[in-house]
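**Q** Attaching a single structure in structure tokens format; questions to follow.
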Amino acid sequence: ILETICDKLNTGEIKSNLASGYKDGTYLEQTEIVINNKNLTTLPKGLLELQNLEYINIHSNDLKTIPLEIYQFPKLKKLYIGFNNIVELPDKIGTLTTLESLAVNGNELTDLPDTLLTLPNLKYLSVRENKFSEETQLELYNKYKQNGIELQFK
């Protein structure tokens, strides 16, 4: 479906109503995408064509992990992937060097990988409504605060 929509946007058959990221040019220049509440278990195939994406919001789907395709967006600054069924963040998340904001709230996380601390631009991390123990929360809060990253549990 997404591929069909992208084709129609590119030919002008349908118009985008996005306020930003799609003003003058083709759909390939789009910088933001929101796909919520669609029961996604994988990302749509056509999404990889959007190499200018800086903001991806795919919350409230049925993803079990961060899709491998996410690591192929060179300009990604904001990733909102909350309220899926993610049980752990892979170490590979540390390769998203342009990431500034990550929201993984409402998942099944019990810990965070230390590779998040290596992200040079990460300033905000929302982990509300996961399964962190109080001890882990305190440990993570101190670790992230020390690295200048706002960690939000509530």
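**Q** Would you please name the residue that is farthest from Lys154 (Cα to Cα), looking only at residues in the stretch 77-86 that are out of contact with any Leu (no Cβ under 6 Å at 6 or more places or on another chain) and surrounded by 15 or more Cβ atoms within 10 Å (Cβ to Cβ)?
**A** Lys77
**Q** Out of the residues in the stretch 130-154 that are over 20 Å from Ile86 (Cα atoms) and among the hydroxyl-bearing types (Ser, Thr, Tyr), which is surrounded by the fewest Cβ atoms within 10 Å (Cβ to Cβ)?
**A** Tyr141
**Q** Filter the stretch 119-129 for residues that are within 24 Å of Pro74 (Cα to Cα) and open to solvent by less than 90 Å² (accessible area, probe 1.4 Å) and give the result.
**A** Leu119, Pro120, Asn121, Leu122, Tyr124, Leu125, Ser126, Val127
**Q** Quick one: how many residues across the stretch 41-68 are open to solvent by 40 Å² or more (accessible area, probe 1.4 Å) and either among the hydroxyl-bearing types (Ser, Thr, Tyr) or in contact with a Gly (Cβ under 9 Å, 6 or more places away or on another chain) (or both)?
**A** 7
**Q** Follow-up. Suppose we keep only residues that are open to solvent by 70 Å² or more (accessible area, probe 1.4 Å) and among the acidic types (Asp, Glu) within the stretch 1-40. Which one would you say is modelled with the lowest pLDDT?
**A** Asp24
**Q** Any idea which of Asn130, Asn84 is at pLDDT 95 or above and either under 13 Å from the mean Cα position of the chain (by Cα) or part of a helix (DSSP H, G or I) (or both)?
**A** Asn84 is the lone residue from the list that is at pLDDT 95 or above and either under 13 Å from the mean Cα position of the chain (by Cα) or part of a helix (DSSP H, G or I) (or both).
**Q** A further question on this structure: Report yes if some residue within the stretch 87-100 is basic (Lys, Arg), closer than 23 Å to Tyr141 by Cβ and open to solvent by 30 Å² or more (accessible area, probe 1.4 Å); otherwise report no.
**A** no
**Q** Does Tyr71 satisfy being open to solvent by 10 Å² or more (accessible area, probe 1.4 Å) and touching a strand residue (DSSP E or B) at 6+ places or on another chain (Cβ under 9 Å)?
**A** Against the criterion (open to solvent by 10 Å² or more (accessible area, probe 1.4 Å) and touching a strand residue (DSSP E or B) at 6+ places or on another chain (Cβ under 9 Å)), Tyr71 does not qualify.
**Q** Turning to a different aspect of this structure: Quick check on Phe73: is it at pLDDT below 95 and either in contact with a helix residue (DSSP H, G or I) (Cβ under 9 Å, 6 or more places away or on another chain) or hydroxyl-bearing (Ser, Thr, Tyr) (or both)?
**A** no
**Q** Next up: Can you say whether Gly94 is within 16 Å of Thr65 (Cα to Cα) and either without any contact (Cβ under 8 Å) to a residue 24 or more places away in the chain or part of a loop (DSSP other than H, G, I, E, B) (or both), as far as the supplied structure shows?
**A** no
The values are calculated or read from the model by the stated rules, or taken from the named source; none is laboratory data. Note that the coordinates shown come from a computational prediction; the quantities given were computed from them, not determined experimentally. Here the Cβ is made from the backbone with ideal geometry for all residues, glycine too, and neighbour counts use every protein chain on show. Protein only, heavy atoms only, side chains kept; ligands, DNA and RNA dropped before computing areas. Shrake-Rupley method; radii C 1.70, N 1.55, O 1.52, S 1.80 Å.
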